[in-house]
């Protein structure tokens, strides 16, 4: 069995390095790198994290690697290391059948979305694997379980919600067992940590909040439907719908077997619907549901076990689709565009960059090269960030500041209404021509989810 585990880890690392070395980081990956590279630790913890809406752990991990000399082109190594540690724990410390050990680590969210793409979510597989180890023994080894929940809470807002939910349910169980006195210190510990986290994430007064809560609910539901059903290819839509139905069946199979995780999933669904949703957040639900199932695997019926095996195969095919796409086509056009800017010596020219996504250009340079970004490399979600205000309100702002027309304008092209308004204005001036375009193909599961094209306009 140990030889099989070693073989799985070697295969996992080998394939992930091969795909990761061909992956072009996009804006979210670049933003985290720039924060870690160009901000000091104190600013990261007490200032920047609250604008990012996440905890500083990922930034600090990146900072440690950057200080050790890691270059941006090797960013993919960091999530591979973390996921591989999670894989080691999963293979050696949990009791699951061999077919699950072989298939599960290579499913889409674990292998591709949370390993190839370098974001804080790469910590989730490790956190959930540790949860499987500590959960069953939580009453005998309370400290280990609480430390695991603290680890969850530092990963992201979703991780904090998971930690708070499990802590509340653990506290209720401890109270029922009349063991509160001997465990009180552990609850005080996680309570103190959560209090510090809340202070770290207190929303700054100048945070740019441009979407209402009601708008978010409607928008989030529409995004979920779009990413599951409203896809041009009917075969892909049916495929994704089947995958969703199977996952829902697995979720309800855990209702009686793993109630704690079922409650956590319900909390996450509410958070995603009412607060914040992006397609990659579905992976948090996937991990929560599947780990809840694995924790209760021995008590599951043969029928449910077969359904779970089919689900793993479907998600393995997602990984194959995404991996091949990432190898054959650039995930983002940012690397190609930055290379062009460098070759043409444009970095010393006046480049006016519209919108957050241009942040993915800057890790390839030692400093900010955009004339309108006020010497910042990472993006600041503040009402005082003039670029973000102009980007979101371009239809209404005074265009007089463009009377002198910058020599170059850089924009990430997609179907976003803000982008289309800006491009329409640029082209209607009749003063610009396209100097260069770098294409990118953001792939999600089995379809292109978003254009990652960069257009550089040049003054005629």
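The values are calculated or read from the model by the stated rules, or taken from the named source; none is laboratory data. It should be emphasised that the depicted structure is a prediction, and the values quoted were computed from it without experimental measurement. Note: ideal-geometry Cβ built from the backbone for every residue, glycine included; neighbour counts use all protein chains shown.
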**Message:** On the basis of being in contact with a strand residue (DSSP E or B) (Cβ under 7 Å, 6 or more places away or on another chain), surrounded by 14 or more Cβ atoms within 10 Å (Cβ to Cβ) and in the same structural domain as residue 99 (by TED's automatic domain parsing), does residue 236 make the cut?
**Reply:** yes
**Request:** Within the stretch 113-132, identify whether any single residue is within 18 Å of residue 247 (Cβ to Cβ), modelled with pLDDT of 95 or more and touching a strand residue (DSSP E or B) at 6+ places or on another chain (Cβ under 9 Å), and answer yes or no.
**Result:** yes
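Let's see how each residue does on (1) at pLDDT 90 or above; (2) assigned to a loop (DSSP other than H, G, I, E, B); (3) surrounded by 15 or more Cβ atoms within 10 Å (Cβ to Cβ); (4) touching a helix residue (DSSP H, G or I) at 6+ places or on another chain (Cβ under 7 Å):
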residue: 376; (1), (2), (3), (4): no, yes, yes, no
residue: 389; (1), (2), (3), (4): no, no, yes, no
residue: 395; (1), (2), (3), (4): no, yes, no, yes
residue: 409; (1), (2), (3), (4): yes, no, yes, yes
residue: 419; (1), (2), (3), (4): no, no, yes, no
residue: 422; (1), (2), (3), (4): no, no, yes, no
residue: 450; (1), (2), (3), (4): no, no, yes, no
**Complete:** Within the stretch 180-202, of all residues that are in contact (Cβ under 8 Å) with a residue 12 or more places away in the chain and under 30 Å from residue 381 (Cβ atoms), the one surrounded by the fewest Cβ atoms within 10 Å (Cβ to Cβ) is 202
**Asked** Got a sec? Which of 133, 96 is assigned to a loop (DSSP other than H, G, I, E, B) and more than 25 Å from residue 22 (Cβ to Cβ)?
**Response** 96
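Condition check ((1) assigned to a helix (DSSP H, G or I); (2) touching a residue at least 24 places away in the same chain (Cβ under 8 Å); (3) under 22 Å from residue 129 (Cβ atoms)) across all residues:
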| site | (1), (2), (3) |
| --- | --- |
| 247 | yes, yes, yes |
| 256 | no, no, no |
| 262 | yes, yes, yes |
| 272 | yes, yes, no |
| 281 | yes, yes, yes |
| 308 | yes, yes, yes |
**Matching entry among 17, 9 (being surrounded by fewer than 20 Cβ atoms within 10 Å (Cβ to Cβ), outside the structural domain of residue 412 (by TED's automatic domain parsing), within 20 Å of the chain's Cα centre (by Cα) and at pLDDT 95 or above)** = 17
**Request:** Would you point out which residue out of 50, 37, 119 is touching a residue at least 24 places away in the same chain (Cβ under 8 Å) and within 16 Å of the chain's Cα centre (by Cα)?
**Result:** 119
**Options 317, 311; residue that is over 17 Å from residue 441 (Cα atoms) and within 21 Å of the chain's Cα centre (by Cα)** = 317
**Message:** Out of the residues in the stretch 136-166 meeting the condition of being outside any loop (DSSP other than H, G, I, E, B) and without any contact (Cβ under 8 Å) to a residue 24 or more places away in the chain, tell me which one is nearest to residue 271 (Cα to Cα).
**Reply:** 148
**Prompt:** Any residue at all in the stretch 332-348 that is closer than 22 Å to residue 111 by Cβ, touching a helix residue (DSSP H, G or I) at 6+ places or on another chain (Cβ under 8 Å), modelled with pLDDT of 95 or more and part of a loop (DSSP other than H, G, I, E, B)?
**Reply:** yes
